[in-house]
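Asker: For reference, the structure I am asking about is given below.
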Ligand SMILES: O=C(O)c1ccccc1N[C@@H]1O[C@H](COP(=O)(O)O)[C@@H](O)[C@H]1O
């Protein structure tokens with residue numbers, strides 16, 4: 001089965017249209033205000049209207065960092081999301097999953113095998129590198145972790161590999177980690193927040209040319 005791909009942090013039409021052309025599995029809108037990939041709920045709705053019409057379009061993921069219920073409800077009042085990608089505790093993720101009719105993916109920072117998550121009651125886990133202490137955001141830092149950490153991991157639910165992936169390393173990352181799905185933000189950009197269409201094409205081809213675990 002081919003590896004599934006999520007492209008995260010779409011802010012403009014050209015990048016989004018490339019994702020649609022490449023038939024990526026998920027696209028992500030980033031609702032963390034301190035990210036260069038931040039979009040307002042209204043802007044996300046405008047971009048999402050481009051693929052409401054697309055047959056078999058991508059799943060739409062909204063990324064939130066420690067959101068209140070009101071933060072999520074504000075977004076859902078103007079655009080529909082299939083998935084809430086959360087940077088929060090497992091307990092809060094469970095609470096949010098019980099409140100909203102969306103799937104919940106929990107992002108988990110790892111730097112050693114003991115960090116590999118055991119949470120079962122989310123729909124997916126995103127396993128990614130721990131942010132540097134100097135970073136003002138918990139993800140989107142373009143930093144990889146040792147991919148072999150997940151090779152023997154018995155994941156409790158389906159998962160995605162994230163952190164520092166690029167067209168040049170994604171095939172190797174998949175082979176090393178055993179990931180069946182990958183997530184990228186900064187690795188397919190020409191400038192922070194601006195996607196590079198050519199890099200998206202190369203990333204998707206490289207990821208799909210490799211069979212995950
Ligand atoms: O992309 C961001 O700016 C961001 C901000 C806050 C939390 C998460 C963010 N992005 C997510 O981080 C990972 C890895 O990103 P990268 O490929 O290393 O740039 C990915 O899951 C993004 O969705």
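The values are calculated or read from the model by the stated rules, or taken from the named source; none is laboratory data. Small disclaimer: the values here were computed from a predicted structure and weren't measured. Cβ: placed from backbone, ideal geometry, glycine included. Neighbour counts: every protein chain shown.
Asker: Can you tell me which of (1) closer than 17 Å to residue 3 by Cβ; (2) buried (at least 18 other Cβ atoms within 10 Å of the Cβ); (3) more than 15 Å from the chain's Cα centre (by Cα); (4) within 15 Å of the ligand (Cβ to nearest atom) is the one residue 208 doesn't meet?
Answerer: Answer for residue 208: the failing condition is (4).
Asker: Additional query: Pick from segment 137-164 the residues that are surrounded by fewer than 16 Cβ atoms within 10 Å (Cβ to Cβ) and more than 9 Å from the ligand (Cβ to nearest atom): which of them is nearest to the chain's Cα centre (by Cα)?
Answerer: My answer is 158.
Asker: When segment 173-190 is examined, which residues are found to be more than 15 Å from the ligand (Cβ to nearest atom) and either buried (at least 24 other Cβ atoms within 10 Å of the Cβ) or over 15 Å from the mean Cα position of the chain (by Cα) (or both)? Give the steps one after another, and end with the answer.
Answerer: If we filter segment 173-190 for residues that are more than 15 Å from the ligand (Cβ to nearest atom), which is where we start, we get 175-176, 178, 180.
Once the filter is applied, which keeps residues that are more than 15 Å from the ligand (Cβ to nearest atom) and either buried (at least 24 other Cβ atoms within 10 Å of the Cβ) or over 15 Å from the mean Cα position of the chain (by Cα) (or both), segment 173-190 yields 175, 176, 178.
Asker: Checking residue 49 against (1) part of a loop (DSSP other than H, G, I, E, B); (2) at pLDDT below 95, which test does it fail?
Answerer: Checking residue 49 against (1) part of a loop (DSSP other than H, G, I, E, B); (2) at pLDDT below 95, the one that fails is (1).
Asker: Something else about it: From 168, 128, 113, which residue is modelled with pLDDT of 95 or more and surrounded by fewer than 18 Cβ atoms within 10 Å (Cβ to Cβ)? First the steps, then the outcome.
Answerer: Numbers: 128 fails: surrounded by fewer than 18 Cβ atoms within 10 Å (Cβ to Cβ); 113 fails: modelled with pLDDT of 95 or more.
Only one candidate qualifies: 168.
Asker: Which residue pairs have Cβ atoms under 9 Å apart, sit 6 or more places apart or on different chains, and have a first residue in segment 3-15 that is more than 20 Å from residue 181 (Cβ to Cβ) and a second that is assigned to a strand (DSSP E or B) and away from the ligand (no atom under 12 Å from the Cβ)?
Answerer: Filtered contacts from segment 3-15: 11/194; 12/194; 14/194.
Asker: Please go through segment 116-125 and pick out each residue that is buried (at least 18 other Cβ atoms within 10 Å of the Cβ) and more than 15 Å from the ligand (Cβ to nearest atom).
Answerer: Listed by number, the list holds a single entry, 116.
Asker: Would you point out the residue of segment 27-55, among those that are crowded, with 23+ Cβ neighbours inside 10 Å and out of contact with any helix residue (DSSP H, G or I) (no Cβ under 8 Å at 6 or more places or on another chain), that is farthest from residue 139 (Cα to Cα)?
Answerer: 28
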